[in-house]
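See below for the structure under consideration.
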Amino acid sequence: MKNKNFLQSVKCALRGLASGFCAERNFKIYICIALVFLALNILTSSGLYDYIILLILTCGVFSAEYFNTAAERLCDRLCPDEDENVKFIKDVAAGAVLAMGIAFFGAEGAILISNIC
């Protein structure tokens with residue numbers, strides 16, 4: 001059913017954020033990692049753009065994980081038995097999370113190294 005107004009859409013989106021966060025252990029791990037990077041950015045006196053990059057990459061990792069979680073749930077619901085196409089979909093979705101994670105760690109590592117040196 002389509003939402004009738006913007007506020008309903010926001011409520012559904014917030015409910016989705018909370019549901020994904022509660023359902024997946026990885027979200028808690030990503031929060032901890034992001035907080036560690038935030039603390040390191042503070043300690044190394046990062047600039048405004050460094051914080052913007054951290055925010056964008058953190059949101060990117062979370063978005064990828066939300067899509068991965070949704071794809072896994074949908075696949076499991078539609079095809080509970082083992083299936084090569086479902087395996088492919090799940091692997092590709094997990095690969096998207098990994099790719100975003102590599103970008104996250106690579107960029108944050110470069111920022112921190114450049115701030116220390």
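Observations
- On Cα atoms only, tilt of 25-43 relative to the major axis of the chain in degrees: 20 degrees
- Cα long-axis angle, helix 84-116 against the chain (0 to 90 degrees, to the nearest 10): 10 degrees
- Taken per residue, the accessible surface of the range 6-45 reaches 70 Å², heavy atoms only and a 1.4 Å probe.
- Cα-based helix-to-principal-axis angle, 6-23 vs the chain, degrees rounded to 10: 80 degrees
- Non-local lysine pairs in the chain, meaning eight or more places apart or on different chains, with alpha-carbon distances under 26 Å, amount to 4.
- Positive-pole candidate from 70, 45, 12, dipole of the chain, charges at beta carbon: 12
- Å² of accessible area per residue within the range 76-117, as computed with a 1.4 Å probe and no ligands counted: 73 Å²
- Loop sites in the range 33-117: GluC sites (Glu not before Pro), DSSP, at most 16 other Cβ within 10 Å: 82
- A Förster radius of 30 Å combined with the Cβ-Cβ distance from residue 4 to residue 43 puts the calculated FRET efficiency at roughly 0.05.
- Per-atom-type breakdown for the chain gives carbon and sulfur 70% of the accessible area (1.4 Å probe, protein chains only).
- Residue order for 79, 22, 59 - accessible surface, 1.4 angstrom probe, largest first: 22, 59, 79
- Anisotropy class assigned to the range 8-81 is prolate, per the alpha carbon gyration tensor with a/c at or over the 1.5 cut-off and a/b larger than b/c.
- Cα-projected label distance for residue 29 with residue 102, points at 7 Å along beta-carbon direction, nm: 1.7 nm
The values are calculated or read from the model by the stated rules, or taken from the named source; none is laboratory data. No experiment lies behind these values; they were computed from the predicted model shown. All Cβ positions, even for glycine, are placed from backbone atoms using ideal geometry, and neighbour counts span all protein chains on display. Just so you know, the surface numbers come from the protein's heavy atoms only, side chains and all, with ligands and any DNA or RNA stripped out. Shrake-Rupley method; radii C 1.70, N 1.55, O 1.52, S 1.80 Å.
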